[in-house]
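Take a look at the structure set out below.
The values are calculated or read from the model by the stated rules, or taken from the named source; none is laboratory data. These numbers come from a predicted model, not from an experiment. Positions of Cβ are generated from backbone atoms using ideal geometry, with glycine treated the same way; all protein chains shown enter the neighbour counts.
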Amino acid sequence: MNVSIVVDVLLIAAAVVWILARQVQVGRVKPRLLFRAGVLSVITWVAGMGFRFWFAYYAYHGGGPAVASFSLRHDISGADIWTTALVLMAFGQVLARLGVLQVRRARAVSHPAPQPRPAVAPDTDSSWATH
């Protein structure tokens with residue numbers, strides 16, 4: 001396996017994790033901790049899934065010779081290697097997302113949000129008011 005491919009994959013994975021970490025917003029509702037994904041997080045998630053679907057479609061609908069040629073040039077062999085690679089990419093994407101959420105959860109738990117002050121009852125003493 002070519003080392004530059006491994007480095008490229010690791011750098012792309014690191015970039016995706018960083019983007020997802022920056023886009024997750026933390027909010028507290030009662031005793032539960034809620035996370036909301038930002039627009040960029042959703043875009044990268046959908047793009048990752050879309051790329052895998054596109055590659056599988058391409059490989060089975062006219063792109064087979066190109067994929068086979070690429071596999072031969074890079075010593076990629078095995079009947080199910082591309083299926084395994086696509087599944088591992090999906091697992092990697094899910095694990096990266098879970099990792100980011102766990103880091104954000106740990107950070108939110110260690111630095112809890114300030115509690116709102118209780119509302120003060122309005123002054124009911126009307127002795128000062130003129131009638």
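The residues on offer are GLY99, GLY78, GLY62, and the sole one that is modelled with pLDDT of 85 or more, outside any helix (DSSP H, G or I) and not charged (D, E, K, R) is GLY62. Hey, any hits in segment 81-95 for a residue that's at pLDDT below 75 and loosely packed, with under 13 Cβ neighbours inside 10 Å? No, the conditions are met nowhere in segment 81-95. Here segment 17-53 is the region considered, the condition is being among the charged types (D, E, K, R) and modelled with pLDDT under 80, and the residue that is farthest from GLN93 (Cα to Cα) is LYS30.
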